[in-house]
Amino acid sequence: MVCDYTGTAMAATKTSRATRRKAKKQGAPAAATRWTTRSSKGIRMLQVPAFSRIPWLVHGFSTRPGGASILEGKPALNLGFTEWDSRENVRENRHRFQSALGADKLALVPLLQFHSDSILCFDEPPTKPSRADASITNRPGLLLAVQTADCVPILLVDPRNRAVAAVHAGWRGTLQRIVTKAIGRMQMQFATQPADLLAAIGPAIGGCCYEVGTEVAAAFTAQFPNAAKFFDELRTGDEPNPLQWLNRMPPGHQPPPGKVLLDLPKANRLQLLEAGVAGKNIFASDLCTRCRTDLLFSYRKEASQCGRMMSVIGIRERGKARSMENR
Ligand SMILES: [Zn+2]
């Protein structure tokens with residue numbers, strides 16, 4: 001099958017007109033050209049131009065290269081506390097990442113993620129990390145963060161009401177519709193209209209690589225009428241659509257063993273659309289974490305020797321926002 005997530009290398013994420021033309025010629029998906037790679041202080045970050053244009057907003061998706069940690073003999077920007085890395089390294093990496101983003105002044109708000117649909121609204125920096133898988137705020141000075149290494153990071157911004165959200169959606173969170181619920185919380189707390197929202201779906205494991213058991217497919221089928229759209233292909237077995245054979249168990253026969261391929265970014269994109277976010281306002285990275293361990297971390301591929309990327313979003317303090325606007 002065609003791997004939708006591996007076709008474009010870093011070069012295709014630059015936004016120069018020549019690159020865009022070249023990407024079009026090569027048949028690269030248009031969405032790939034909507035992302036930029038920014039290098040600063042030895043660190044590479046992925047950004048969405050539609051977000052970067054908002055003067056009071058700061059955002060970024062970290063990548064693997066650079067950093068104080070060493071993984072497989074190379075410097076790595078591990079931003080999560082893991083067994084194999086020291087806390088000093090992670091703290092130093094977080095400092096470097098914030099500095100490279102120009103977000104030193106903002107208070108980082110990481111979460112203790114547990115694959116839930118728990119969403120927290122922050123008015124001020126918490127004294128210690130809280131258990132949740134999404135955060136929202138409309139207060140300047142906070143840098144909301146989610147950590148991933150295969151799961152889907154989603155950043156949301158409401159430009160009209162100056163509010164932001166960071167969402168961590170693995171298969172469990174996606175099944176629990178965490179991004180839909182985060183939008184619901186923004187509606188309640190900030191009067192956000194979904195049609196105003198911009199959404200960035202960061203690098204995650206793609207439909208090319210994410211094998212799951214049939215029980216996961218069955219769980220999605222029970223929850224989503226359009227679940228067939230998330231499951232691209234069956235890797236083993238003859239049936240093209242896993243959902244057909246999931247429901248078919250001839251007497252005396254076991255269902256085919258095997259795995260199905262789940263396209264988590266697509267499942268979240270469909271949730272965004274159903275929540276009322278405009279298709280033109282959804283920016284999905286086409287990088288697959290498992291295909292691109294040169295650039296990203298993949299828990300599926302690297303297991304315990306795996307780093308964490310961070311996706312962050314925040315509102316700059318007023319003074320700083322104004323000086324940006326005057327530039
Ligand atoms: Zn892949």
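Brief remarks on what is shown
- Global form of the range 87-244, assessed from the alpha-carbon gyration tensor, a/c cut-off 1.5: prolate
- Ranked by the mean number of other Cβ atoms within 10 Å of their residues, highest first, the peptides 147-160, 304-317 come out as 147-160, 304-317.
- Tensor-based shape of the range 28-175 (alpha-carbon gyration tensor, a/c under 1.5 rounded, otherwise prolate or oblate): rounded
- Secondary structure note: in the range 108-213, about 70% of the DSSP beta bridges are antiparallel.
- The three principal axes of the C-alpha atoms in the range 143-225 carry coordinate ranges of 42, 26, 17 Å, sorted with the longest axis first.
- A simple count of charges around Pro65, restricted to other residues whose Cβ falls under 9 Å of its Cβ and scoring Lys, Arg +1 and Asp, Glu -1, yields +2.
- Judged by the mean number of other Cβ atoms found within 10 Å, the most tightly packed of the peptides 97-103, 287-293 leads the ranking 287-293, 97-103.
Here, each number is a calculation from the coordinates, and none is a lab measurement. This one's a predicted model, so the numbers in the text were calculated from it and none came from an experiment. When we count neighbours, we look across all protein chains shown, and the Cβ atoms used for this are built from the backbone with ideal geometry, even at glycine.
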